[in-house]
Amino acid sequence: MTPKSYRPPRLRLQPPLPTFPVVHVRLAGDIARAGADRLGHDLAELLDDSALSVADWIIDLGDLDYLSSRCLGALVAHQRRLAEAGLRLALVVPSSWIRQKIELLGLHERLLIARTKREALALLLGRAEPGERRLQIRFPADLQACVSVRRLAADIAIQSGLSEMDAMRLELITDELCNNAVEHGAVGSTEPIELVLTVRADSVVIEVVDPGGKFFALPNAAALSTQVNDPTGDIPLRRRGLILVQKMARDLEVEVVEGATHVRAVLAREGGAA
């Protein structure tokens, strides 16, 4: 297949952000044989930038009209350069014909391939360890950031093979604990909040750390059902959220370590060991 016209590749760059420390590059145009050398040169030049050489990369192919085999080779070469620096590359490939080309060339075994940017973020930020998958991310004390983090946690859940029910509970718990940290824990602080999500064979551990350093008591088991059905409706919103988390999680604990508040929930997986 030869493109009817050739347009040099255009690179649209989004530097890494505190919320998602990943370099995002979008390619657009017709990238044929003539564009391979230029593409490789442009990517290498970007990598020489100190601000862009300390984070994983996402290269989005969603706006491409054509992609040659030589340009795919340039992407593989860039992936190799990143790997030498201890970094990773994920490609966003919504086009079925480009995915088929990658598979026919046998490159799908060497490259991380995703259909969307969110899926690519989950692939990059969800580190795999022996017997578990782990996501660790820092984000600003902002409710809008919580939405992005919650969605990312849901993507990690799907990629880790959680059931639909477990994925829903994971998303709800993550959302509640992150919102709680923003609205109550990190008030007045400019320090980021941290989420650590660990997916194991029998459980998922969701830990949210905020800089507030405040300890708060959890509702005890005896009072739990009474408080949920409290007819007065006087339970503080924060406590209602924690009651919801307690009802979904196997364990929930709060501790203050070195001036930071750690809230840790353990979710038992369906079919896993209790």
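Laboratory data are not the source of any read-out in this text; all were calculated from the coordinates shown. Keep in mind the model is a prediction, meaning the values are calculated, not measured. Counting neighbours? That spans all protein chains shown, and the Cβs are built from the backbone with ideal geometry, glycine included.
Straight-line reach from Lys117: taking Cα to Cα under 14 Å and skipping same-chain neighbours fewer than 8 places apart, the aspartates and glutamates in range are Asp56, Asp60, Asp63, Asp155.
Counted by neighbouring Cβ atoms within 10 Å, the residues His184, His41 run from fewest to most as His41, His184. The gain in end-to-end length when the Arg99 to Glu45 segment is fully stretched comes to 16.8 nm, 0.36 nm per residue minus the alpha carbon separation. The fewest-to-most ranking of Glu132, Glu45 by surrounding Cβ atoms within 10 Å reads Glu45, Glu132. Straight Cα distances below 14 angstrom link Lys214 to the aspartates and glutamates Glu183, Glu253, Glu255, Glu258, with same-chain residues fewer than 8 positions distant left out.
Cβ-to-Cβ counts within 10 Å put Leu244, Leu107, Leu75 in ascending order as Leu244, Leu107, Leu75, the fewest first. Available extension along the chain between Glu109 and Arg250 is 47.0 nm, counting 0.36 nm per residue and deducting the alpha carbon span.
In this simple spin-label approximation, Glu258 and Val187 carry label points 7 Å from Cα along the Cα→Cβ vector, and these lie 2.6 nm apart.
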